[in-house]
1. If amide hydrogens are placed 1.01 Å from N in the peptide plane, which non-local residues have theirs closer than 5 Å to the one on residue 14?
2. Taking the mean number of other Cβ atoms within 10 Å as a proxy for protection, how do you rank 13-21, 38-46 from highest to lowest?
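Quick note: the coordinates plus some simple rules give every number you see, no bench work behind them. Keep in mind it's a predicted model, so treat the numbers as computed, not measured. Here the Cβ is made from the backbone with ideal geometry for all residues, glycine too, and neighbour counts use every protein chain on show.
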Amino acid sequence: MREHVYSRSRVILMPSLYESWGRVAVEAFASGIPVIAHTTPGLVESMGEAGSSPTVTTRTPGSTP
């Protein structure tokens, strides 16, 4: 199944607030697909050097920048 899903994907978006390990991100990277993900501890650990791309800082709606 992995080959069928990833062969049809151009990018993987993982906005999770919690990931224990990040298997989907690792499989996507192994398939050559870019991953956009929230910097959860599990994803940071599993992606290692590959996950060192620029990050986007989020803020709570209604808060001041």
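1. Answer set, sorted by chain and number: 36, 37, 38.
2. 38-46, 13-21
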